[in-house]
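Any read-out appearing in this document is the output of simple, stated calculations on the displayed coordinates, not a laboratory observation. From a predicted model like this one, the values you see are computed outputs, not experimental measurements.
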Amino acid sequence: MRRASVAAVLLLVVACGHDRGPTSPTTNPPPVTEPDPLRAAAGAAGKLVGTAVQSSLLNDPRYGGVFARHFDFVTAEYEMKWDPIERTRGAEDFSGGDAIVAYAAARGMQVKGHALVWHQAVPSWVNGLPAADLRTELDRHIRSVASHYRGRVLAWDVVNEAIDDNGFGLRDSIFRQKLGDRYIADAFRSAREADPQALLFYNDYSGEGLGGKSDAIYELVRSLLAQGVPIDGVGLQMHVRAGAPPPESSVAANMRRLAALGLRVNISEMDVRVGDLGGATPANLERQRSVYRSLVGVCVAEPACHAVTFWGFTDAHTWITSTFGPDAPLLFDAQYAPKPAFFGVLDALARR
């Protein structure tokens, strides 16, 4: 495996004076070598490796070049959610998601749609709807978006983050307030009817290892299956801190109990913050590498885990920095150079 990612330094010896003999021919420096593609290692392991992207960045040569070389699975970071698609009632705009799907198709990538129902991406006009109208509009939205991308996406995050952060029940969102708990089952049924071939996922955070929230997620999906609701898998987001990651054994046990229900699992939004350790020092970046290696390695080892998706790939574009302050949570730095984290993921995918 080739890890040289910096150019060799050519030492130029300048001959001074006029009484020197002829200089030796100039030797060209060796070419810069790129690290092995993540997608090749993932394919050999039988997994997909993906990233969230923004359509506005795809024409940036550095961004597009790294994205296309290393990933074979893509999620729209924001542009396939309800608010950006339909900010004005009845006027849908699929241009952002369409650009991402077309870009992926041209490069042999699979697409995961994200997300049909999420309490933080609701158009403002939805908030004032009475319950009956909200039910109608939510069903219409799910069917319209899933039908628009029918046959072009591998999977959908149908419902996103419906469990309350305390892990003791459903989040008190506008959907639950007006439609009751059944809105989740109804969303999955509508999505299946609109796109019978897509894999349908429930997606959430802070439920990666065993614990109160993961227990609540488990009970939710177990209940949906008992009702005959069409659900195929669970996305474990894996937004973690390098100083306090979930234990490997706990994540593996959680994946196995979900697999025992007949569900697929994926790591769906991974990033590893180092701000809690004091910043991106060499020692902290090595710690970050270890966490990436450990948790991606769990997915590689578990048959039910079919994909790993990172929530971005370069520190130049990450939601973490805007939300939590300066950090360096991703695989490539702000200049698109691979970090130790990248090589931790590569080692995990290659089972090293």
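Computed from Cα atoms alone, the Kirkwood hydrodynamic radius reported for segment 101-256 is 16.5 Å. For segment 92-132, taking the reciprocal of the average inverse distance between every pair of different Cα atoms yields a Kirkwood hydrodynamic radius of 12.7 Å.
Direction-averaged projected area, Cα convex hull, the chain: 21.4 nm², rounded to one decimal. As a size descriptor, the averaged projected area of the C-alpha convex hull of segment 94-193 was calculated at 7.0 nm². Computed with the Debye formula from one identical point scatterer per Cα of segment 237-352, without solvent, the log10 of I(q)/I(0) at q = 0.13, 0.16, 0.21 Å⁻¹ comes to -0.46, -0.69, -1.11.
Annotation: amide H-H contacts under 5 Å for L170 (H modelled 1.01 Å from N, sequence separation of 5 or more, or interchain): D164. Could you give the Stokes-Einstein D for segment 138-211 in µm² per second, using the C-alpha Kirkwood radius, 20 °C, 1.002 mPa s? Value of D from the Cα-based Kirkwood radius: 162 µm²/s.
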